[in-house]
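Take a look at the structure below.
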Amino acid sequence: MNKYGAEFFGTFWLVLGGCGSAVLAAAFPELGIGLLGVSLAFGLTVLTMAFAIGHVSGCHLNPAVSVGLWAGGRFPASELLPYIVAQVLGGIVAGGVLYLIASGKAGFDVAAGFASNGYGEHSPGGYGLLAALVTEVVMTMMFLLVILGATDRRAPQGFAPIAIGLCLTLIHLISIPVTNTSVNPARSTGVAVFVGDWAVAQLWLFWVAPIAGAVAGAAIYRFIGKENA
């Protein structure tokens, strides 16, 4: 149970830190952190938790990462469902805490988005379904490539959290305008359930695309990362 607890609290931190920065600090009057700050916040949540709980649970914090690690032969199928449940619950609890904080300000309205992921009229830049799908698949695919490569036993030891955290930062720098960046079904679910309506209706894409991308990334790394005989 310690592994599942670590995944719960790790994902809680990712959603609270990343989505919290977007909801509370991104557009703060005069001192807002903007898209660059939000991108960095998401990367920092993974970086800090990787050092904190990586030795406990592997610090997946993401159903797509768990599926990708399983597809890459790094994670047992028997633990896949409990990990995903812990991650989604952690994300939802973080969304609840963020809602309590954000609703303390007059005029707060979840209809503004609450850091939810979306496409079409709910994309920050107005990008359509196909663009959102391709973005989420490709970004998650590259995320898994970095994760699998950085944690390979042949890679320099002790630096994986830095590479993974910076990769997630870069992913957000690229794709926030397209989908508000998911690459993580637990992150998407954690805030979408509080928005309801369109956020829940579009949530399917932010499960299907990241998982498909993760499996693709695992398959690619199995090919390019295999050891020569």
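Comparing ALA52, ALA214, ALA201 in a Gaussian network model of the chain where C-alpha atoms under 10 Å apart are linked, the largest mean-square fluctuation is found at ALA201.
With the crude spin-label approximation of a point 7 Å out along Cα→Cβ, what separation in nm comes out for ALA27 versus LEU80? Here the modelled spin labels are 4.0 nm apart. Return the whole-Å distance between the Cα centroid of the range 166-227 and the Cα centroid of the range 24-60. Answer, in whole Å: 16.
Heavy-atom accessible surface of the range 93-175, averaged per residue, reaches 49 Å², computed with a 1.4 Å probe.
Axis angle, to the nearest 10 degrees, between helix 205-224 and the longest C-alpha principal axis of the chain: 20 degrees.
For the residues PRO29, PRO185, PRO161, a GNM of the chain with alpha-carbon springs under 10 Å puts the largest fluctuation on PRO29.
The longest part of the chain holding none of the exposed loop trypsin sites (Lys or Arg not before Pro), meaning those outside H, G, I, E and B in DSSP with at most 11 other Cβ atoms within 10 Å, is 1-104.
So between ILE224 and ALA155, what do we pick up on full extension, going 0.36 nm a residue minus the alpha carbon distance?
Working: separation 69, 0.36 × 69 = 24.84 nm, distance 1.39 nm.
So the extension gain works out to 23.4 nm.
Charging the Cβ of each Asp and Glu at -1 and of each Lys and Arg at +1, and nothing else, the dipole of the chain about its Cα centre rounds to 560 debye.
When a/c reaches 1.5 or more, the comparison of a/b and b/c decides; with that in mind, is the range 1-70 rounded, prolate or oblate per its Cα gyration tensor?
Details: a/c = 2.81, a/b = 2.43, b/c = 1.16.
Prolate shape, in that a/c is at least 1.5 and a/b is the bigger ratio.
At 1.002 mPa s and 20 °C, plugging the Kirkwood radius over alpha-carbon pairs of the range 45-148 into Stokes-Einstein gives what diffusion coefficient in µm²/s?
On the way: Rh = 16.1 Å.
Reported coefficient: 133 µm²/s.
At full extension, LEU170 and ALA112 could sit 18.4 nm farther apart than now, given 0.36 nm per residue minus the alpha carbon distance.
Here is the list for the range 1-105: GluC sites (Glu not before Pro) lying in DSSP coil, each with at most 10 other C-beta atoms within 10 angstrom of its C-beta, are GLU30.
Considering only protein heavy atoms and a probe of 1.4 Å, how much of the accessible area of the range 1-119 is carbon and sulfur, as a whole percent?
Details: 3870 of 5400 Å².
Here carbon and sulfur together make up 72 percent of the probe-accessible area.
Note on ILE101 and VAL200: their simple-model spin labels are 2.5 nm apart, each label 7 Å out from Cα toward Cβ. Can you give the longest run of the chain that contains no chymotrypsin sites (Phe, Trp or Tyr not before Pro) sitting in a DSSP loop with at most 16 other Cβ atoms inside 10 Å? Answer - 1-107.
The values are calculated or read from the model by the stated rules, or taken from the named source; none is laboratory data. The structure displayed is predicted, hence computed values, not measured ones. Every residue, glycine as well, gets a Cβ built from its backbone with ideal geometry; the counts of neighbours run over all protein chains shown. SASA here: full protein model, heavy atoms, side chains in, ligands and nucleic acids out. Shrake-Rupley method; radii C 1.70, N 1.55, O 1.52, S 1.80 Å.
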